[in-house]
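A quick write-up on the structure given underneath.
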Amino acid sequence: MAAKTPVRILGLETSCDETAAAVVEDGGKILSNVIATQADLHAKYGGVFPEMASRQHIRTIHAVVEQALQQAHLALENIDAIAVTQGPGLPGSLVVGVNYAKGLALASGLPLLGINHLEAHIYSAWLASPEQDSVLPEPQFPLLALLVSGGHTELDLMTDHLTYRQLGATRDDAAGEAFDKVARLLHLPYPGGPSIQKAASDGNPQAYRFPRARLEGEWDFSFSGLKTAVLRMVRQIEQTPGRLPVEDLAASFQTAVVDVLVSKTILAAQKCQAREILVAGGVSANRALREAFVSQKSFPVHIPPLSLCTDNAAMVACAGYYHFINGRRDTLDFDVKPNWRLVKTEL
Ligand SMILES: Nc1ncnc2c1ncn2[C@@H]1O[C@H](COP(=O)(O)OP(=O)(O)OP(=O)(O)O)[C@@H](O)[C@H]1O
Ligand SMILES: [Mg+2]
């Protein structure tokens, strides 16, 4: 893959409840990364309210893109292509970003690329950390990617850039979804992942022995049994007067999730003879998960810095860069893909 240097991609992300724009140079250097979160707007509903999310994107997107260009000290003339999240995500939210990007591409004459949000999460591992000066070594192929986000949990083998084979995926809830649902059971605020992590830091992870669905011989995941086990335990405890031991329940739940994710990923990496492991998606922000991956000695592990784990547009621009230098260009008539899977066929 050869390209003129530098190549600057403007990324746009509106798949859920973050309106984001970023400029990334040569697929790794973040020149700007602006995120307008709607978390406060949705918190009172305990989850994302789709119509409200799309309307908030409409209000915010222009200012967010302007800010991303300003912070990068660039005008559209200095950009080489626009990359926008095309799916998966909330249809009404995706439409806002895609249509805005199409308008921008039409007005500027810049090439446009529709990007898979899951691929973008994986590519966050190629971004230089904004929190560190040093440039970390790039991930090496073959690479086993564990994608753990709000809507997805899957193991994908990457044999090269933009090349994936799915080994397994969740059969029911995604890991992030399990964190969010269990947080609600424990009366913890939205978003659930950070709330569980916070509560768990004061709890005993061995207090309750929750099930680990290992699905022997398979690379799939299942978290609904674990969620139900927490629900049963909460109901049982609530039968007797007293305070719910939220911290112990959160810590025991978190440990069960981390245990399954880490052990299965390492086994799959061994089976596929992967050189390295990559962990990405919102749940990769979880401290216990990060510590467990960092402390294992079987494989080098790439985990994006905290600021790049949850939805952002730098990762979209980064994935867009690899498509751009690969020669891909999209026409302006593409639709959003709310259920777009990263890999169509399984092993
Ligand atoms: N520290 C944390 N510990 C555990 N989970 C976390 C943490 N921080 C965020 N999460 C979880 O990550 C999820 C959000 O991640 P992300 O933004 O990638 O999801 P999404 O974009 O909604 O879904 P997808 O990427 O699958 O389309 C939420 O479920 C949230 O609870
Ligand atoms: Mg996401």
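All of the numbers you see were taken from the coordinates with simple rules; none came from a lab. None of the values given here were measured: they were computed from a predicted structure. Every residue, glycine among them, receives a Cβ derived from its backbone with ideal geometry; neighbour counts consider all protein chains shown.
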Euclidean distance of C-alpha centroids, region 55-112 and region 30-54, integer Å: 16
Listed residue (39, 236, 336) projecting farthest to the positive dipole end of the chain, Cβ model: 236
Between helix 50-71 and the chain: long-axis angle, C-alpha atoms, 0 to 90°, nearest 10: 50
Size of region 256-324 as Cα extents on the principal axes (Å, biggest first): 34, 26, 16
Within region 1-41, trypsin sites (Lys or Arg not before Pro) in DSSP loop having at most 12 other beta-carbon neighbours inside 10 Å: 4
Ranked list, fewest to most other Cβ atoms within 10 Å of each Cβ, for 73, 161, 62: 73, 62, 161
Of 297/337; 198/227; 44/102; 227/297; 198/337, pairs whose Cα-Cα distance is over 27 Å: 297/337; 44/102; 227/297; 198/337
Signed unit charges on C-beta, dipole axis of the chain, positive-most listed residue 252, 278, 324: 252
Bridge type composition, the chain - antiparallel percent by DSSP, nearest 5: 60
Relative contact order of the chain, pairs being alpha-carbon contacts under 8 Å that are 6 or more residues apart, as %: 25
For the chain, convex hull volume per residue from C-alpha positions, Å³: 132
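In deg cm²/dmol, rounded to 500, what helix-only [θ] at 222 nm does the chain give when every DSSP H run of at least 4 residues adds -39500 (n - 2.57) and the total is split over its residues?
Working: 10 runs with 135 residues, N = 347.
Theoretical 222 nm ellipticity from helices: -12500 deg cm²/dmol.
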0 to 90° range, to nearest 10: angle between helix 224-238 axis and the chain longest Cα axis: 50
Residue 138 versus residue 44: modelled label distance in nm, points set 7 Å from Cα along the beta carbon direction: 4.8
In degrees, nearest ten, helix 91-108 long axis to first principal axis of the chain (Cα): 20
Exposed-loop-free span, longest in the chain, where GluC sites (Glu not before Pro) count as exposed if DSSP calls them loop and at most 16 other C-beta atoms lie within 10 Å: 1-130
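So what's region 143-303 giving for Rg/Rh, alpha carbon basis, Kirkwood Rh from the mean inverse pair distance?
Reported Rg/Rh (Cα atoms, Kirkwood Rh): 0.99.
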